[in-house]
Amino acid sequence: MAEKRTVTKKAAKKAATKKAAPRKSAPRRAIPKKAVAKKAIAKKSPAKAASRRQADVPSLFRINVEVGNLDDAARFYESLLGTPGRRQAGSRVYFECGPVTLQVVDVSAMGMGVPHPAAKALYFTVSDLDALFKRAQALGCLSQEMVHGARGGAITVRPWGERSFYAEDRWLNPLCFVEAGTIYPG
């Protein structure tokens with residue numbers, strides 16, 4: 001029996017030593033030399049480095065149009081876009097237009113002088129182009145300009161395949177509405 005106790009004591013001592021000893025991490029999986037070589041080449045590849053830099057392409061989230069009367073502009077854009085705006089500090093109204101917010105800014109109220117119209121049309125995609133066209137028609141804001149031989153203010157299939165029409169607010173900000181599913185990505 002004494003032997004059993006000794007064995008038991010030895011076993012207990014061995015178990016206590018195992019618990020106190022720091023754990024060893026699992027052995028690393030061997031990586032074939034071929035894979036290591038490919039990984040090293042990939043790190044040095046300028047094409048890979050360039051694609052990593054391109055992964056952080058800026059994303060447009062807000063665009064401004066300048067106006068001269070915020071109340072009039074808020075009513076106009078709410079009627080035209082068919083969605084309420086959110087008043088912001090600094091004489092602004094925000095309109096959610098998909099992932100991009102249209103920021104309507106009253107520059108006259110901010111002491112910045114006369115509004116400057118946007119240089120080119122702001123393009124919006126809509127699922128019901130005809131309904132938006134009727135709202136624009138009721139607001140009297142359809143464009144009178146010619147666009148590739150057709151009246152901009154008429155619903156037309158453009159030479160590039162988009163079904164669209166052009167409009168402008170009373171501060172001459174050009175707007176274009178394109179039917180979803182006909183967008184030409186370029």
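The values are calculated or read from the model by the stated rules, or taken from the named source; none is laboratory data. Being a predicted model, the structure only gives us computed values, none of them experimental. As a convention, Cβ positions derive from the backbone with ideal geometry for all residues, glycine included, and neighbour counts pool all protein chains shown.
Could you grab me the full set of residues in the range 75-106 that are among the hydrophobic types (A, V, I, L, M, F, W, C), surrounded by 16 or more Cβ atoms within 10 Å (Cβ to Cβ) and more than 14 Å from residue 170 (Cβ to Cβ)? If you could, list the steps in order and put the result at the bottom.
Here is the first cut: in the range 75-106, the ones among the hydrophobic types (A, V, I, L, M, F, W, C) are 76, 80-81, 89, 93, 95, 97, 100, 102, 104-105.
Retained after the next criterion (residues that are surrounded by 16 or more Cβ atoms within 10 Å (Cβ to Cβ)): 76, 80-81, 93, 95, 97, 102, 104-105.
Within the range 75-106, 81, 93, 95, 97, 102, 105 meet the criteria.
Tell me, please, whether a residue that is at pLDDT 95 or above, more than 22 Å from residue 156 (Cβ to Cβ), of a type in the set (S, T, N, Q) and assigned to a strand (DSSP E or B) can be found in the range 99-109.
Among the residues of the range 99-109, at least one is at pLDDT 95 or above, more than 22 Å from residue 156 (Cβ to Cβ), of a type in the set (S, T, N, Q) and assigned to a strand (DSSP E or B), which makes the answer yes.
Please enumerate the residues belonging to the range 81-137 that are out of contact with any Pro (no Cβ under 8 Å at 6 or more places or on another chain) and among the hydroxyl-bearing types (Ser, Thr, Tyr).
Once the filter is applied, which keeps residues that are out of contact with any Pro (no Cβ under 8 Å at 6 or more places or on another chain) and among the hydroxyl-bearing types (Ser, Thr, Tyr), the range 81-137 yields 83, 91, 94, 101, 123, 125, 127.
Filter the range 116-154 down to residues that are of a type in the set (Lys, Arg) and assigned to a helix (DSSP H, G or I) and give me whichever is farthest from residue 66 (Cα to Cα). Lay out the reasoning, then the answer.
To start, the set of residues in the range 116-154 that are of a type in the set (Lys, Arg) comprises 120, 134-135, 151.
From what is left, the residues that are assigned to a helix (DSSP H, G or I) are 134-135.
On the way: 134: 24, 135: 21 Å.
It comes out as 134.
Would you point out the residue of the range 155-174, among those that are out of contact with any helix residue (DSSP H, G or I) (no Cβ under 8 Å at 6 or more places or on another chain) and either among the β-branched types (Val, Ile, Thr) or in a strand (DSSP E or B) (or both), that is surrounded by the fewest Cβ atoms within 10 Å (Cβ to Cβ)? So that I can check it myself, show each step before the final result.
Let us first name the residues in the range 155-174 that are out of contact with any helix residue (DSSP H, G or I) (no Cβ under 8 Å at 6 or more places or on another chain), namely 156-162, 166, 168, 172-174.
Now drop any that are not either among the β-branched types (Val, Ile, Thr) or in a strand (DSSP E or B) (or both), which leaves 156-157, 166, 168, 174.
On the way: 156: 17, 157: 12, 166: 23, 168: 21, 174: 19.
That would be 157.
Give me the pairs: first residue in the range 144-171 and touching a residue at least 12 places away in the same chain (Cβ under 8 Å), second residue assigned to a strand (DSSP E or B) and surrounded by fewer than 17 Cβ atoms within 10 Å (Cβ to Cβ), beta-carbon distance under 7 Å, and six or more apart or on different chains, which are they?
152/146; 163/157
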